[in-house]
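Shown next, in C-alpha cells, is the structure this report addresses.
Read the figures in this text as sums done on the coordinates, not as results from a lab. The model shown is predicted, which means the values in this text are computed figures rather than measured ones. FYI the Cβ positions are ideal-geometry reconstructions off the backbone, even for glycines, and counts take in every protein chain you see.
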Amino acid sequence: MKLISVAIDGPSAAGKSTIAKIVATKLSLTYIDTGAMYRAFTWYVLEKNIDPNNEVDCTSVIPNVHIHLNKDGKVFCNKIDVTKEIRGLEVTKHVSAVSSYRAIRLALVELQREMAKKDSVIMDGRDIGTYVLPSADVKIFLVASVETRAIRRYKENIEKGIECDLEFIKKDIERRDKFDSSRSFAPLKQAEDAILLDTSDLNIEQVVERVIAIIEKKVK
Ligand code: DC
C-alpha cells in the first residue's frame, strides 16, 4: 500500500499538535511532532550547561544526542523520558535559537525523513511542507491570532500542571514567530501549494473536520 504524508506547518501554538494528534488517530496515521525533537535537543544542551546561543558548542554535541519519539507520544533523549521537561520555560525560551542552527536542523531533518519512509505520517512543524517533505501528499498551513494562540497555550499548560503566565506566553509567541520566520535556513513559511487554514474562530472539532476533509479530497 502506498504510504501517505501530511505536512502541518504554522507558527507556535496555532494548534498544530492538538489537531495532528486527533487526525492521526482518526485516520490511522503516525503522528510526528518535529518541534518536540528540537525541544529535546535544547533540553540536552541546557542539561550539559552548554550556552544555547553558542552555535559551535551546540552543534559539537550532535553525535551524542539520540532522540526517539514513541507511538504513545513520549519523547526520549538518550533513552531518558523528557516528555514533560521539554515543555518547561527554559527549553521554550531557548528552542528557537538552538533550532536555527543549520547542522542541528540537518541532523533532525534526516531523522524526520527516515520516519516518513516507514509509515504513513502526519508531521507537524515549521518547514515540513517547504523543506522536510516537499512532496507531501497534503500540506496545510495553520494560523491563528497571537491572542488566541496565547490563551490556548496558557490553558494547555495549566491543564498539564505547568506553571505559566499569560503575558509571558504572548510575548514569547511573538518573539518565536519573528525568530522562526526570519532565520536563514528553512524558515517558517507557507509552502506555495499549502492550504491556509485560520483557526482563530474555530473550535478543535471544526478544525479537525476541515483538516480531514482536505486530506480526504487530496488522497482519494
Ligand atoms: O512546535 P513547537 O512550539 O513545539 O516548536 C518548538 C520550536 O522548534 C519552535 O520555536 C521552532 C522550532 N521548530 C522548527 O524550527 N522547525 C520545526 N519543524 C519544528 C519546530
Among the listed pairs 79/189; 48/84; 79/155; 21/84, give every one whose C-alpha distance is greater than 23 Å.
79/189; 79/155
Using the Cβ atoms and a cut-off under 15 Å, what net charge is assigned to the surroundings of residue 93, where Lys and Arg are +1 and Asp and Glu are -1?
-3
Once you have the Cα-Cα distance between residue 219 and residue 111, take 0.36 nm times their residue separation minus that, and quote the gain in nm to one decimal.
36.4 nm
Give, in whole angstrom and from largest to smallest, the semi-axes √(5λ) of the equivalent ellipsoid of region 53-141, with λ running over the eigenvalues of the Cα gyration tensor.
22, 17, 14
Projected-area average for region 127-220 over all orientations - Cα convex hull basis, square nanometres:
7.1 nm²
Sorted largest first, the C-alpha extents of the chain along its principal axes in whole angstrom are 49, 40, 32
Under a crude label model (7 Å from the Cα following the beta-carbon direction), how far is residue 212 from residue 145 in nanometres?
2.9 nm
Distance in nm between label sites at residue 25 and residue 64, each 7 Å beyond Cα in the beta-carbon direction?
3.8 nm
How many nm separate the modelled label positions at residue 57 and residue 103, each set 7 Å beyond the Cα in the direction of the Cβ?
1.4 nm
What ranking do 96-103, 44-51 get when scored by the average of other Cβ atoms within 10 Å per residue, highest first?
96-103, 44-51
